[in-house]
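One structure is given below, encoded as structure tokens.
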Amino acid sequence: MFLSILDVISRWAIPMLLFLVPLWGIIKKVPVYEAFVEGAEEGFGVGVKIIPFLVGMLVSISVFRASGALDVVSHACEPLLVRLGAPAEVLPLAFMRPLSGSGVLGMATELMKTFGPDSFIGRLASTMQGSTDTTFYVLTVYFGSVGISKYRYSVITGLVADISGLIASIYICNALFR
């Protein structure tokens with residue numbers, strides 16, 4: 001019963017928002033279409049403004065992977081993470097997660113094709129993706145779009161949160177699935 005109600009709510013949530021937001025604007029006498037066009041124009045400007053930041057980040061990620069630095073870092077940290085209970089196969093995923101969400105999604109898909117989505121590695125990869133964030137992407141896109149240039153403490157805070165999420169993922173998956 002609860003699941004069927006939740007299914008109906010999730011199926012109708014976005015259509016209802018798409019109906020209610022313009023309706024609310026009309027009730028408040030806001031020129032809805034003009035406000036939408038103005039917001040889209042502003043969003044396009046922000047998109048153009050962040051392109052250099054995105055290109056720089058994507059080039060850096062490509063160089064990091066192609067140079068073999070990802071493999072070197074993974075092999076150096078392998079004994080520590082294996083001691084924590086993480087299989088070596090998820091190490092590249094753990095290191096790439098702060099950099100690229102789409103790259104990690106591809107890595108996780110490969111892990112799940114190889115080991116299966118219900119395997120320990122598949123579950124750990126999924127939990128790691130849900131427990132950590134793309135810190136450098138967030139800093140690049142969001143901070144770059146509003147012109148914040150001093151974000152040293154944000155990098156440190158984001159990476160500490162990513163490490164905490166990684167450790168929590170390993171602990172929780174070991175407790176629940178092993």
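Could you check, for region 5-25, whether at least one of its residues is among the hydroxyl-bearing types (Ser, Thr, Tyr), part of a helix (DSSP H, G or I) and farther than 28 Å from residue 173 by Cα? I'd like the intermediate steps shown before the answer.
So in region 5-25, the residues among the hydroxyl-bearing types (Ser, Thr, Tyr) come out as 10.
If we keep only those that are part of a helix (DSSP H, G or I) too, we end up with 10.
Filter once more, so that each one left must be farther than 28 Å from residue 173 by Cα: none.
So far as region 5-25 goes, no, none of its residues is among the hydroxyl-bearing types (Ser, Thr, Tyr), part of a helix (DSSP H, G or I) and farther than 28 Å from residue 173 by Cα.
When 80, 54 are checked against the criterion of being aliphatic (A, V, I, L, M) and either at pLDDT below 85 or in contact with a Gly (Cβ under 6 Å, 6 or more places away or on another chain) (or both), 54 stands alone in meeting it. Can you find a residue that is free of Cβ contacts under 8 Å to residues at least 24 places away in the same chain, outside any helix (DSSP H, G or I) and surrounded by 10 or more Cβ atoms within 10 Å (Cβ to Cβ) anywhere in region 29-40? Scanning region 29-40 turns up at least one residue that is free of Cβ contacts under 8 Å to residues at least 24 places away in the same chain, outside any helix (DSSP H, G or I) and surrounded by 10 or more Cβ atoms within 10 Å (Cβ to Cβ).
Of the helices (runs of 4 or more DSSP H) lying entirely inside region 69-164, those containing at least 3 residues that are in contact (Cβ under 8 Å) with a residue 40 or more places away in the chain span 120-131.
Consider residue 151 carefully, then state whether it is hydroxyl-bearing (Ser, Thr, Tyr), under 30 Å from residue 55 (Cα atoms), surrounded by 14 or more Cβ atoms within 10 Å (Cβ to Cβ) and more than 13 Å from the chain's Cα centre (by Cα). Judged against the criteria, residue 151 is a match.
Matching residues to (1) surrounded by 18 or more Cβ atoms within 10 Å (Cβ to Cβ); (2) farther than 28 Å from residue 50 by Cα:
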position: 82; (1), (2): no, yes
position: 127; (1), (2): yes, yes
position: 134; (1), (2): yes, no
position: 142; (1), (2): no, no
position: 147; (1), (2): no, no
position: 161; (1), (2): no, no
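The values are calculated or read from the model by the stated rules, or taken from the named source; none is laboratory data. These figures come from a predicted structure and were not determined experimentally. When we count neighbours, we look across all protein chains shown, and the Cβ atoms used for this are built from the backbone with ideal geometry, even at glycine.
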